[in-house]
Ligand SMILES: NC(=O)C1=CN([C@@H]2O[C@H](COP(=O)(O)OP(=O)(O)OC[C@H]3O[C@@H](n4cnc5c(N)ncnc54)[C@H](OP(=O)(O)O)[C@@H]3O)[C@@H](O)[C@H]2O)C=CC1
Ligand SMILES: O=C1OC[C@@H](O)[C@H](O)[C@H]1O
């Protein structure tokens, strides 16, 4: 007889846009995606403004009536019926809120980017280690079956040696009218900007291909040069990063002025291109990939050297509905169940390397977040802790 699934009890810290999407995914039965070994329970949610806002959030999502609603994050992290805290606040607050949760003895899944710089991340990973707690950056893209398959294609050598990667995640926006100067996307006080918000997905594909898919001994920190265009707030609105991984080149680009796919359909144009000596794989949409295409290298005079054939493969990442964020939640449950402090799909070292690239770019362009946002001090005055 199959054993009972392991249940992970979630506390949702913040009630904004992505908190809602993620929590909705938690409530989808895992069996709809053929997952039998883990299960999720929404145990509580907290809003920094009021308990009634947290309650309205839970009601909107049809969360179980047992789920508690709190009017402060402090109350949430001390709830003994909560195992793991999902942090969905703006970038500027990730470090403070992750520390709050880890200090209270909770496992943590924190939205991307895990922190605004490497120094903050190092402290959190040390704290997780010391307290024997699971801690992960919520780069959900990495847990899609498609991502895992593409990484496997690369690490198995199907594409030969990877020499170049082009990766784009950009959105068309009427920036002044949609974001003004206060929206979290452009607000320096909230550590806004295209790089940390969207560029991290371009870098994710670069790292999946040129770092993660390699054996540990062959992984290197890339050399980095970049160019940035700033918005009136001082946040970056368009950033292109060139990475050199021991001779393999990558271009990771992002913009909030022009789009990867201008019609917003994410079809007809692949935003990720990974080029190996035996052929390419292209992927259609950076954060939420739906299909990939393999194209073997060939020439009239030399024929096709690769074993693999031209192929486009489509994935249904949300068979039971939802957004596809449940794959990362399942990974959290398995890691907590198995006593793992970090996931092998996105180890601390790799989050740190991606953050290091973003630190270098910001340093090259003088982008400094104000008011203690980059500080490692905790608790920091003005952060409501
Ligand atoms: N993985 C993904 O696909 C996505 C990830 N994200 C990430 O999720 C995080 C949140 O983004 P998103 O949900 O779009 O943001 P929202 O602005 O919609 O929500 C942020 C929430 O954080 C809480 N909060 C606490 N302190 C502050 C503060 N000083 N200013 C504003 N909000 C505050 C508020 O919740 P409350 O009032 O309840 O305390 C607020 O609703 C970011 O890190 C972002 O990068 C965002 C979109 C997609
Ligand atoms: O993570 C993200 O992906 C989707 C975008 O709409 C959002 O701004 C960003 O935070």
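The values are calculated or read from the model by the stated rules, or taken from the named source; none is laboratory data. Note that the structure is a prediction, hence the values are computed from the model and not measured. Here the Cβ is made from the backbone with ideal geometry for all residues, glycine too, and neighbour counts use every protein chain on show.
Can you name the number of the only condition in (1) outside the structural domain of residue 111 (by TED's automatic domain parsing); (2) modelled with pLDDT of 95 or more; (3) within 14 Å of ligand 2 (Cβ to nearest atom) that residue 151 fails? For residue 151, the failing item is (3).
Taking the stretch 71-123 on its own, how many of its residues are away from ligand 2 (no atom under 16 Å from the Cβ) and either more than 19 Å from residue 50 (Cα to Cα) or in contact with a helix residue (DSSP H, G or I) (Cβ under 9 Å, 6 or more places away or on another chain) (or both)?
34
Taking every residue in the stretch 46-66 that is more than 21 Å from residue 322 (Cα to Cα) and assigned by TED's automatic domain parsing to the domain that holds residue 20 and pairing it with any residue that is away from ligand 1 (no atom under 13 Å from the Cβ) and modelled with pLDDT of 95 or more, at least 6 positions away or on another chain, the pairs with Cβ-Cβ distances below 8 Å are 66/43.
The strands (runs of 3 or more DSSP E) found wholly in the stretch 106-192 and carrying at least 3 residues that are farther than 19 Å from residue 346 by Cβ occupy 162-170.
Restricted to helices (runs of 4 or more DSSP H) entirely inside the stretch 8-85, those with at least 1 residues that are at pLDDT 95 or above and over 30 Å from residue 319 (Cα atoms) are 51-60, 73-77.
If the condition is being buried (at least 23 other Cβ atoms within 10 Å of the Cβ) and in contact with a strand residue (DSSP E or B) (Cβ under 6 Å, 6 or more places away or on another chain), then the stretch 44-56 contributes 44, 45, 46, 54. Within the stretch 169-196, restricting attention to residues that are surrounded by 15 or more Cβ atoms within 10 Å (Cβ to Cβ) and at positive phi, the residue that is farthest from ligand 1 (Cβ to nearest atom) is 193. Restricting the stretch 199-224 to residues that are in contact with a strand residue (DSSP E or B) (Cβ under 7 Å, 6 or more places away or on another chain), surrounded by fewer than 24 Cβ atoms within 10 Å (Cβ to Cβ) and free of Cβ contacts under 8 Å to residues at least 60 places away in the same chain leaves a set whose member that is nearest to residue 179 (Cα to Cα) is 223. Test residue 31 against the criterion of being surrounded by fewer than 18 Cβ atoms within 10 Å (Cβ to Cβ), outside the structural domain of residue 196 (by TED's automatic domain parsing) and over 22 Å from the mean Cα position of the chain (by Cα), and give yes or no. Yes, satisfied.
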